[in-house]
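The values are calculated or read from the model by the stated rules, or taken from the named source; none is laboratory data. Not measured: the values here are computed from a predicted model. So basically every Cβ, Gly included, is an ideal-geometry build from the backbone, and we count neighbours across all protein chains shown. Keep in mind that these areas ignore ligands, DNA and RNA; they rest on the heavy atoms of the full protein, side chains included. Shrake-Rupley method; radii C 1.70, N 1.55, O 1.52, S 1.80 Å.
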Amino acid sequence: MGVKQKSAKRAAIYARLSLATEESVSIERQVKAARTFAKARGWDVVLVATDDGVSATRHRPEKRPGWQEILKYPDPLDAVIVWKVDRLARSTLDFLHADEALRERRAGLVAVEDPIDMTSAQGRAFATMLAVFGEMEAAAMSARAKAARAFMVSDGRAVGNRPWPYESVPNPSGQGLVWRPIPERAKAVKQAAKKLSSGSASLASIARDWSEHFPPPHGGETWNPASVRVLLISPVLTGATLYGGDVVRGEDGLVVRDKKRQILTVAEHKAVVGAVAARRYREGRRPIRLPLLHGIAACGSCGSRLQISRPQTGGVPT
């Protein structure tokens, strides 16, 4: 009577990459290393799941298509192979949740570059430590990126998408590019802001006028009132810089402004924002909670921007 041979372990491979420029840890390299790892141990690779171009910081494992493919795999799995722990998660909590999901499937996590064994208490503790270090590394990378952006802003260099009234020119004082107003466009913006604030023109009339003289930035045939509105209420026109959806401030809490990039004064910009909000209220449109003093004033208690909105019943904007 022959001895029944134990079947080989069934393994899945998971690979993730945030940026295609990370050649040293490309998807192909991760999968190849994981296959070699499995072959050396006599494991059968039954599934290869990938998340290409997916940030581990912004997307938890359970929100990624590739990881979902592993969790929904219909047949049993003994192990899930990753290149390193940070390919799975850069947050300790995300890592522990992902590990828990695998344990419910009675599968263990294995890393090619990190010597972890999730089948023992010591191995689980070591893996958790690696996840902590991965989270610290992600935070450090984010801090370095923010510091680099802050340096570019302090140096007067261009950051983010360039608005329509500007052109990019070489930085006269150093590296990179800076934005400078295109004279004829800056003049059109100042005239439009003045007319809108005084009530002598509407967004629609400004859009028609600009359509006759300037190609629209969005590639269409004509300007539309919405594009004009978004442009005219942008704090960038005051020389401010937008980063992460808010204006960049100095250590003193004040908005950092590049005077050479300024088209509208703070007072002119404030008047435009107020005119746009008041017009929408008078026309009975649904309010957009437009910041009245965006980049200028904020609540001293909670830090929220001052906003204008339409009251539920009667009255004036608050």
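With the Cα gyration tensor of segment 52-91 giving a ≥ b ≥ c as the square roots of its eigenvalues, does the rule (a/c under 1.5 for rounded; else a/b larger than b/c for prolate; else oblate) give rounded, prolate or oblate?
The shape class here is oblate.
With each label point set 7 Å from Cα along the Cα-Cβ vector, what nm distance links residue 40 and residue 105?
Using points 7 Å along Cα→Cβ, the separation is 2.4 nm.
How much accessible surface area, in Å² rounded to 10, belongs to the heavy atoms of residue 257 with a 1.4 Å probe?
70
Could you sort 233, 81 by their accessible area in this structure, using a 1.4 Å probe and putting the largest first?
233, 81
Excluding ligands and nucleic acids, what accessible area in Å² is computed for residue 50 using a 1.4 Å probe, to the nearest 10?
In the full protein context, residue 50 sits at about 60 Å².
What is segment 180-234 by shape, rounded, prolate or oblate, if you read a ≥ b ≥ c off the alpha carbon gyration tensor as root eigenvalues and call it rounded for a/c under 1.5, prolate for a/b larger than b/c, and oblate otherwise?
It is oblate, given that a/c is not under 1.5 and a/b is not larger than b/c.
Provide the solvent-accessible area of residue 36, counting protein heavy atoms only and rolling a 1.4 Å probe, rounded to the nearest 10 Å².
90
At 1.4 Å probe size, with every protein chain present, just tell me what the per residue accessible area of segment 37-80 comes to in Å².
Heavy-atom SASA per residue in segment 37-80 reads 58 Å².
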